[in-house]
Each structure stands twice: as C-alpha cells, then as structure tokens.
Amino acid sequence: PQIFALKNRNLSTATEQSVIHSDPPKVPNLIGGSFVNSQSSEFIDVINPATQQVVSQLPLTKHEEFKAAVSAAKQAFPSWRNTPITTRQRVMLKLQELIRRDMDKLAMNITTEQGKTLKDAQGDVFRGLEVVEHASGMASLQMGEFASNVSHGIDTYSIREPLGVCAGICPFNFPAMIPLWMFPVAVTCGNTFVLKPSEKDPGASMMLAELAMEAGLPNGVLNIVHGTNDIVNAICDDEDIKAISFVGSNTLLIFYFFTIPNSSKAGMHIYSRASAKGKRVQSNMGAKNHGIVMPDANIDATLNALVAAGFGAAGQRCMALSTVIFVGDATQWENELVKRAKNLKVNAGVEPDADLGPAKERVCRLIQSGVESGAKLLLDGRDIVVPGYEQGNFVGPTILSGVTEDMECYKEEIFGPVLICMQADSLEEAIIISNRNKYGNGAAIFTSSGVAARKFQTDIEAGQVGINVPIPVPLPFFSFTGSKASFAGDLNFYGKAGVNFYTQIKTVTQQWKDLPGGSGVSLAMPTSQ
Ligand code: NAD
C-alpha cells in the first residue's frame, strides 16, 4: 500500500503546479484504511482548468477493487455501529478542528483542480465544515421515541438504527462541501461508507479522508473508490450497499425521446437503477434558479445580490441565481447590471484579485443558441483572454436579455457565468414563468413589500426560497431541499431529514407485569382495549 501524501501538496503558484505536472501522481483508492494504487490500466487526467496542466491521474477502478472497498465497509460495520455514539461524535469534533487547521491547503487543492477562487474555495470547505459541526451533536437527533403504558404493563419505543454500508456519488462543483454533506452524517449515525468523488477533482475528498482517519475514524468506516459510469453502476447494483446519496446533474431524458447534447442523465439514472434494487436514494440534481425583482426592490442591494449570485463561482453553483425576471420595465436594471458585471475581474482562482475563475464547458454553445434564437447579448464574455493563463477555460460575465421560455439557453442549465434576463408585467406572471420551468432548486424575490414576499413564498414551486436573499441555502440544522426535477427521493440532505435518511426505525414493544396464571390462550388479534 502506498500512502498518498496529499498533505504535502501545498501548491501556491502556477510554477509549483508545473512541477507536479511533469510527473502527475496517481490518485489511490482508500480501502479498509489503506491508500492503495489501483491495478487498473485505465486512467483519466485531472486537469487544472486555469492552466490545462495535469494535476494527477485518476484510475477507472477495477470491479474487484470496488468489491474490496464494499467488503471493508461491511466488515467495519458491526463494531462501528456498536461504538458509543458519544465516541462517534467526538471523531467529528476532532475532524472539524483538523479541517479548520488545514483550511488553506484544502482551498488550494480545490482551486487547483476545480478552478474557483481561493476565497470561494474556503467557502466551499466552510459550508461542509458546518455539516461536520452539526454531526458532532448527532446523538440528540438520533434519539427515538417512547410511549409509556400503551396497554396494561406495556410500553413501546422506537430506535433509529444505522442502515449498514452507504455510498455517496459527488459532482465536480463543490469538491469539499458535498462529500461533507454525505459521510459525516452517515458515519456518525453508525453506518460505514463508500465515497465516489467527482473524477474531475478528487483531491479534496482524499485530503478529507486523511483528516477523518487522523481524527480517529477506524479503518474501513470510510472508503473511497474512483471512476466514472461503471463504478457508479456497480454502486447502484451492489447488494451490500443500502443507501445512496447522489449530487450532480440530470435531464429528464426519459420523458423525451431525444438526447440533449452534452447533458448527463446521471441523477435520474442512478435514482431509478438503485431504487429498483431496493436501495434508499436521495438525488440532488440540476437547477435553474429564478430571481424575481419587483419595482420596489432596494436598487443597490438587489444589483449587488444579482451580480454576486449570478457570477460568483463562475455560475457553477447549483444555487446560482441564473435567471432574473424583472417585473415592469427592465431597461434601467439591465443597464446597471451590465456596468457592475463589467467590473468583475476574471482570472485564475489562485490570483488574489480574481472574482471569477475558469468555466467553459457547454457555456459558449448555450450563449450562442440564445443569440441565434433572438436574445440580446448585453455583455459577451466568450472571447476573454486572461494574461498568464491563455490556455485557461475562461468565460467572462455574460448577460442575455429578452430571453423567452422556448429558448434552449433558458430551458437548459448553463452552469456558467451567464445571467439570463426576462420581463413580466406582474408578480403573478413572474411566478407562473418560474413555476413552468422544470427545475425547482431555489428561487428568490427582491422587494420591500411583505405582501408580495408572502405571496411569493406561498406560490413559488422551489425547495429553497429567498426573500431579499439571493442564495438561500439553509444551515445544516435545516436541510438542503429542492423540488421538481431538482430532487428525487423523499429525505433531503443533512438536518433531521439527513439523519432519517441514514437510519431506519425499529419499534420495540415490551411487557413487564405480573402475568396472571391460567388465563388461557386467546387467538384473537391483540388490541389495547
Ligand atoms: P455530473 O452529473 O456530470 O456528475 C456527477 C457524478 O455522477 C460524478 O461522480 C460522475 O462520475 C457521475 N456520472 C455522471 N454521468 C453519469 C452517468 N451517465 N452514469 C453514471 N454516473 C454518472 O455532474 P457535475 O457536472 O459533476 O456537477 C454539476 C451538476 O451538479 C449541475 O447540474 C449542478 O446543478 C448539480 N448540482 C446540484 C446540487 C444540488 O444540491 N441540487 C449541488 C451541486 C451540484
């Protein structure tokens, strides 16, 4: 077994990255507490999107290696589930301390592999850290219920028990936060785990696993396997895996009879394949989050919110506010938006002045399709060249106005720094437009009217609603929600719902009374009468 010394990878400049580039390390799997290089002959490059340099090489893990990871998790389960919950919580308490200690290294790894700015990468880690903090107090959330004297001398109580081996499949856009949505909650509830990081940026998951082991997580409780579709299908099919958490994309291909180019059907595919095998699945998927701007909205705060939520992380957040509907005349709002968006600095995420890092995949095609179907390109970020990073996948802030519901750029998730502007004559119309969109991850309203805000909150079909808050992701004592095509399953990530997802209920009915002798046998249905 070869230990993958990620702790030493504190890359800070493009020059240092090129040292790695000349001899990219292989990313190992984590099986039963050992970091082991895969015996696979197939590897894919993990690329720094700002420089196109190869950071590392990720294996398409062989089936027997995957089985070894599941088997290690299965073996570790009996003793881990019987470990006192206070001990399991203390591992999380220690883990949150270690994540804080290594925050800068984690952020640098995320910027190197994913591209977002360092400050944003720290936010990525921090939002995951909050789930670890939440998991540190899991005992009270995992408590069962008790009803005394449900019949003479009889009490009933319920126990929330872990499921066994659970698995997580992650997207590329939050390399630390999303693995941390998954394994801390699962393992603190007493489960063991197999994690499949995104093939585009596995480094943060590897560092987090090292920290979890340093925090005292026993061997085999957390395992990591790498790969793409085959390994995901193996996770869906494996009899020993009881539950799957998925975060990533989807399209409802199943309802149409054609494939949308460059789109992935991962979410619904995993949901149906794993459900058919009897597993629990929680599947958080794509988004097209709408912001409705009322004429009475605070001008400065709303413009800042739209710029930050539309272009932050280069639009690669599932809660990015990618569509804005102006109620009433949009001209003034759009002119101001363009001015502010032009001031944003596009640069490599490692550069201190960067507002947006790289993001190019499929973005340019969808911008062009908007232009061709009649949208007005108020700001075009497609031809941007960033000095020193000429090979980078950069797109600058882009604003399309006059967009209509039939356009592909509206119907599809762009997942880039592109803000789509639409117009409606009333709040009712704006809500109807938003609700007709297939996605329902988040939505926001900007207004100074409580009446409008309350109507919006009631009528909007989205999981996470913001009132003068552009990215309304709740802290982990609530749950990350989503509706319509943005979520499949019925128990959401983290919060009470997350604990319920990773546990099953056992009810116990006990009788302790002096039993009268000679009452005979009754074959009638027992009742409490
Ligand atoms: P993706 O769907 O391409 O990949 C996610 C995971 O699924 C990866 O681990 C990948 O290996 C696997 N995968 C991809 N296609 C597959 C297939 N056909 N069969 C089996 N496995 C497959 O997603 P991405 O591009 O990495 O992430 C961006 C997407 O994730 C966006 O759509 C974004 O909205 C979504 N997202 C949603 C949330 C949320 O909470 N709703 C959060 C973050 C990201």
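For the reader, a short list of remarks on this structure follows.
- Alpha-carbon gyration tensor eigenvalues x 5, square-rooted, for the stretch 341-385, Å: 24, 12, 6
- Between Cys364, Tyr439, Pro295, the Cα set farthest toward the positive side of the dipole of the chain (charges on each charged residue's Cβ, about the Cα centre) is that of Tyr439.
- The chain: relative contact order in percent, alpha carbon pairs under 8 Å with at least 6 residues between: 16
- Each of Cys364, Cys170 has some number of other Cβ atoms within 10 Å of its Cβ, and from fewest to most they run Cys364, Cys170.
- FRET E, pair Gln57, Ser34, Förster distance 22 Å, beta-carbon r, rounded to 0.05: 0.70
- Degrees, to the nearest 10: 427-436 long Cα axis against longest axis of the chain: 60
- Mean sequence separation of contacting Cα pairs (under 8 Å, at least six apart), scaled by the length of the stretch 353-400, corresponds to a relative contact order of 46 percent.
- A simple spin-label model places the labels of Asp383 and Ser528 7.6 nm from each other, with each point 7 Å out along Cα-to-Cβ.
- Unit charges on C-beta of K, R, D, E only; dipole of the chain, Debye: 1100
- Stokes-Einstein D in µm²/s, Kirkwood radius over Cα pairs - the stretch 391-485 at 4 °C with 1.567 mPa s viscosity: 87
- Checking the cross-link pairs Lys67/Lys242; Lys411/Lys484; Lys339/Lys411; Lys67/Lys277 against a 19 Å limit on the alpha carbon distance flags Lys339/Lys411 as lying beyond it.
- Within the stretch 164-304, the proportion of C-alpha pairs whose separation exceeds 26 Å stands at 33%.
- Cα convex hull of the stretch 193-254, projected area averaged across orientations, nm²: 5.3
- Rounded tilt (10° steps) of 177-188 against the dominant C-alpha axis of the chain: 10
- Nearest 10 degrees, 0 to 90: helix 85-101 Cα axis against the chain principal axis: 20
- Cα shape, the stretch 267-338, gyration tensor, a/c 1.5 rule: prolate
- Relative contact order [Cα under 8 Å, 6+ residues apart], the stretch 370-436, whole percent: 29
- For the stretch 42-52, backbone phi angles converted through the Karplus equation (6.51, -1.76, 1.60; θ = phi - 60°) give residue-by-residue couplings of 10, 10, 10, 7, 8, 10, 7, x, 7, 10, 6 Hz, Gly and Pro being listed as x.
- Placing a label point 7 Å from the Cα of Asp425 along the Cα-to-Cβ direction, the residues of the stretch 321-346 with a backbone N closer than 18 Å are 325-331.
- Legend: Rg and Dmax of the stretch 83-215, from Cα coordinates, 17.6, 66 Å.
- Extended-chain gain in nm, criterion 0.36 nm per residue less alpha-carbon gap, Gln511 and Ile299: 69.7 nm
- Exposure proxy ranking for Leu515, Leu523, based on other Cβ atoms within 10 angstrom of each Cβ and starting from the fewest, stands as Leu523, Leu515.
- Working note: Cα gyration tensor of the chain, eigenvalues times five, square-rooted, sorted largest first, giving semi-axes of 42, 31, 20 Å.
- Distant-in-sequence amide contacts of Leu379, defined by a placed amide H-H separation under 5 Å and a gap of 5 or more residues or a different chain, comprise Ile399.
- With each label modelled as a point 7 angstrom along the Cα→C-beta vector, the Glu64-Asp240 pair spans 1.5 nm.
- Fewest-first ranking of Met207, Met143, Met103, using other Cβ atoms within 10 Å as the exposure measure: Met143, Met103, Met207
- Shape annotation for the stretch 426-525: C-alpha extents along the principal axes are 77, 27, 26 Å, from largest to smallest.
- Computed from the Cα positions only, the extents of the stretch 55-126 along the three principal axes stand at 42, 36, 13 Å, in decreasing order.
- The stretch 202-255 and the stretch 161-176: distance between their alpha carbon centers, rounded to Å: 5
Each value in this text was obtained by applying a stated rule to the coordinates, not by laboratory testing. Source: prediction; values computed, not measured. Using ideal geometry, Cβ is built from the backbone for each residue, glycine included, and neighbour counts are taken over all protein chains shown.
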